[in-house]
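**Student:** There's a structure below that I have some questions on.
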Amino acid sequence: MLAIKVLVTINHPAHVHFFKHFIWEMERRGHEIRVAAMKKDVALNLLQNYGIEYTLLPVRQKNGFDVIAEQLKYDYHLYSIAQEFKPHIVTGIGGVAPAHISRLTDVKSIVFTDTEHAVLSNSITFPFADIICTPSCYRDDVGKKQVRYNGYHELAYLHPRYFQPDPGILHDIGLDEQDDFFVMRFISWNAVHDRGQHGIENRMELIDMLNEHGQVFITSESTLPKDFNRYLISVPPEKMHDLLYYATMYIGEGSTMASESAILGTHALLITTLSYGYTSEEEEKYDLLYNFFQYNNIQERAIRKAAELLEHTNLKQEGKRKRERLLKDKIDVTQFMIDLFEECGCP
């Protein structure tokens, strides 16, 4: 097979995880990969820690009318990279700029999304993209360009072929495997599709309840009041999935980390005003994730659910059994990506 050239865009730490095994395997097969990355949270740190070279895109995520100017700047810089690299395919999650670049050049675009409520981004991406890849549980039908696959984004890096938990993380935090502890995630709500949304309203109430059952560790995109400092955890970002695997429960506002927890067999409570096809399936089909996004008393209902789960003396073992069923149902998403790109990208 002739080598293909792929330009990968990274706009978020989760994108690094999604593409890393794809990048390594494609390079192992003799293909050429170029990564263009935007500074967002720990995304650049992850790329550096994984030894993935990248070109920095000098743009920042903004809100309001500045979003348009930043998107145009992003498109321009990515277009410049594409002109120099001359890829056969340009790709990304969300994929606004890759889709636009594909219409300005002879480059094919393959974009990935699992976020139905990203209405604005989708509306300026889908008309220009060549292929739109979505999980099979994605609620929207986006037409002939859509390719559905039986998996989740998170299975591109948490499939057992790629991920084996390292119990060394427990030593790092001073706990044993039988100890109960909880991971909480607070997000910044700065993304365009998050506007007007919110998550946990009384965070300390939830922390106080969990503290009665085990140790609480918090990871947050935004700065928290000093009262939260004793709960903040500092682990290398590439070890976060080890932490989630051994946790008793995940409670938070981040849907990606909630889905990661579910796939790892850790029960997850997602508290947000948003709804996703993939988190709904992880609740309705696999009973691993619980969504609290509508009606009244969201937080009170989440607390009751957490208390109900904690009555199970073998909660961790239950979660791992449910995980086995999920893994039997779903595909290796990285292998799906490799097959698709090799089929579509041959010069």
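**Student:** For segment 19-45, name all the residues that are in a helix (DSSP H, G or I) and more than 18 Å from LEU78 (Cβ to Cβ).
**Tutor:** Of everything in segment 19-45, those that are in a helix (DSSP H, G or I) and more than 18 Å from LEU78 (Cβ to Cβ) turn out to be LYS20, HIS21, PHE22, TRP24, GLU25, MET26, GLU27, ARG28, ASN45.
**Student:** Collect the residues in segment 288-306 that are more than 14 Å from THR248 (Cβ to Cβ) and part of a loop (DSSP other than H, G, I, E, B), keeping them in residue-number order.
**Tutor:** Result: PHE293, GLN294, TYR295, ASN296, ASN297.
**Student:** In segment 77-118, what residues are assigned to a loop (DSSP other than H, G, I, E, B) and either assigned by TED's automatic domain parsing to the domain that holds THR272 or under 20 Å from HIS17 (Cβ atoms) (or both)? Walk me through how you get there before you give the answer.
**Tutor:** Within segment 77-118, the first condition is being assigned to a loop (DSSP other than H, G, I, E, B), and the residues that meet it are 86-88, 94-95, 105-107, 113-118.
Passing the criteria: GLY94, GLY95, THR113, ASP114, THR115, ALA118.
**Student:** Name the single residue that is farthest from ARG323 (Cα to Cα) among those in segment 223-247 being surrounded by 15 or more Cβ atoms within 10 Å (Cβ to Cβ) and either among the aromatic types (Phe, Trp, Tyr) or without any contact (Cβ under 8 Å) to a residue 60 or more places away in the chain (or both).
**Tutor:** Only one residue tops the list, namely PHE228.
**Student:** Continuing with this model, one more query. Pull out all pairs, ordered by first then second residue, where Cβ-Cβ is under 6 Å, the residues are six or more apart or on different chains, the first lies in segment 315-328 and is under 15 Å from ALA268 (Cα atoms) and among the small types (Gly, Ala, Ser), and the second is surrounded by 11 or more Cβ atoms within 10 Å (Cβ to Cβ) and at pLDDT 95 or above.
**Tutor:** Going by the 6 Å Cβ cut-off, the qualifying pairs are GLY319/GLY265; GLY319/THR266; GLY319/HIS267.
**Student:** Go through the residues of segment 65-76 one by one and say whether even a single one is of a type in the set (Phe, Trp, Tyr) and either over 24 Å from the mean Cα position of the chain (by Cα) or part of a strand (DSSP E or B) (or both). If you could, list the steps in order and put the result at the bottom.
**Tutor:** In the first step, residues of segment 65-76 are kept if they are of a type in the set (Phe, Trp, Tyr); the result is 65, 74, 76.
Next, only the ones that are either over 24 Å from the mean Cα position of the chain (by Cα) or part of a strand (DSSP E or B) (or both) stay: 65, 76.
So far as segment 65-76 goes, yes, one or more of its residues are of a type in the set (Phe, Trp, Tyr) and either over 24 Å from the mean Cα position of the chain (by Cα) or part of a strand (DSSP E or B) (or both).
**Student:** Out of GLN335, GLN317, which single residue is surrounded by fewer than 19 Cβ atoms within 10 Å (Cβ to Cβ) and either small (Gly, Ala, Ser) or more than 23 Å from the chain's Cα centre (by Cα) (or both)? Write out each step before concluding.
**Tutor:** On the way: GLN335 fails: either small (Gly, Ala, Ser) or more than 23 Å from the chain's Cα centre (by Cα) (or both).
The unique qualifying residue is GLN317.
**Student:** Please count how many residues of segment 307-340 are touching a His at 6+ places or on another chain (Cβ under 8 Å), within 30 Å of VAL6 (Cβ to Cβ) and either assigned to a helix (DSSP H, G or I) or hydroxyl-bearing (Ser, Thr, Tyr) (or both).
**Tutor:** 3
**Student:** Out of ILE298, ILE271, report the one residue that is of a type in the set (A, V, I, L, M, F, W, C) and crowded, with 24+ Cβ neighbours inside 10 Å. Please lay out each step first, then the result.
**Tutor:** Details: ILE298 fails: crowded, with 24+ Cβ neighbours inside 10 Å.
ILE271 is the lone residue from the list that is of a type in the set (A, V, I, L, M, F, W, C) and crowded, with 24+ Cβ neighbours inside 10 Å.
The values are calculated or read from the model by the stated rules, or taken from the named source; none is laboratory data. Being a predicted model, the structure only gives us computed values, none of them experimental. Every residue, glycine as well, gets a Cβ built from its backbone with ideal geometry; the counts of neighbours run over all protein chains shown.
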